[in-house]
Amino acid sequence: MTDQRRRGFLKGMLGVGVAGFALGAGMVPLRVEAAAAPDASDWPQKAFNTPGVDETIAELYGMEASESDQITMDLPTIAQNGAVVPVTVETTLPNVTSIALLVAKNPNALAAYFDISEGALPFVSNRLKMAETTDVVSVVISDGKAYKATQNVKVTVGGCGG
Amino acid sequence: MASSIRVRAVQNGDVTSLKALVRHPMDSGFVKDSEGNVIPAHFIKVLSISHKGKDVVVANWGPAVSKDPFLECRFKGAKKGDELTISWIDNKGESDTTTATIA
């Protein structure tokens, strides 16, 4: 842990030019609840506390998702460590505004969702925890409609042991 | 103090590719410690990536995101040398912000 901190610190020092600029510009010091902190008030508490994939999609987006083969999911079919499963989602669907990642058998299905702005490409990569062998579902909102793709991951060691 | 966020943004043609790694415990609230006490949930709720004051990608995370979360995303409209602001806030109200220059 200490070692990791030190490494982080050393890497941080490399970025000292950037940090120096930030301080020089009179910005508030890091680690303080700065004005730049994102607003978490819109965070959908209810959607993150809903078990079940379909229920969560309904809660989050207020609609049902149809299957689509235009969503590409890249994740291991067998995960040796359920605590860290890399999941990448990419789609060729147009006008994507949101991408969500759901883990079917987690206590609460929703793991993460991303607001995709106009300039951003519909691509996200993230690492998720999963308790056991489960389906991972990605939901893409394209032109106001919901589409989903599913892939199964075999977990040999659960992600809940920390 | 060193930032909790490590960012690497690379311009490739007209697409900017950004990788961010945040140091955070991301405790789910389901895990118990060695004495059997539940470790309270402590996770990042929102991480935003903004370019010129406009949010490009906003990640809304739940406790199912892995410890020391990693995010990769891609976007258009920025150029080499532009500055990006990456910031997060967690369920305890803690937050951090950093800036990165597109290489």
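Taken together, the values in this text are just the output of simple stated rules run on the coordinates, not laboratory data. Everything numeric here is computed off the predicted structure, so don't read it as measured data. Every residue, glycine as well, gets a Cβ built from its backbone with ideal geometry; the counts of neighbours run over all protein chains shown.
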Matching residues in region A:135-149 - criterion: being of a type outside the set (Lys, Arg), buried (at least 19 other Cβ atoms within 10 Å of the Cβ) and more than 11 Å from chain B (Cβ to nearest Cβ): A:Val137, A:Ser138, A:Val139, A:Val140, A:Ile141, A:Ser142, A:Ala146, A:Tyr147, A:Ala149
- prompt: Among the residues of region B:74-90, how many are at the interface with another protein chain (Cβ under 7 Å from one of its Cβ atoms), surrounded by 16 or more Cβ atoms within 10 Å (Cβ to Cβ) and more than 24 Å from A:Gln45 (Cβ to Cβ)?
  reply: 4
task: For region B:28-43, enumerate the residues that are facing another protein chain (nearest Cβ under 9 Å) and surrounded by 21 or more Cβ atoms within 10 Å (Cβ to Cβ).
output: B:Ser28
- prompt: Taking strands (runs of 3 or more DSSP E) that do not extend beyond region A:87-144, which have at least 3 residues that are more than 23 Å from B:Gly77 (Cα to Cα) and either in contact with a His (Cβ under 7 Å, 6 or more places away or on another chain) or not hydrophobic (A, V, I, L, M, F, W, C) (or both)?
  reply: A:134-142
task: Exactly one condition in (1) within 9 Å of chain A (Cβ to nearest Cβ); (2) within 13 Å of the chain's Cα centre (by Cα); (3) outside any strand (DSSP E or B) is not met by B:His24; state its number.
output: (1)
field: Conditions (1) more than 21 Å from A:Ala47 (Cβ to Cβ); (2) facing chain A (nearest Cβ under 7 Å); (3) more than 12 Å from the chain's Cα centre (by Cα); number of the one not met by B:Gly93
entry: (1)
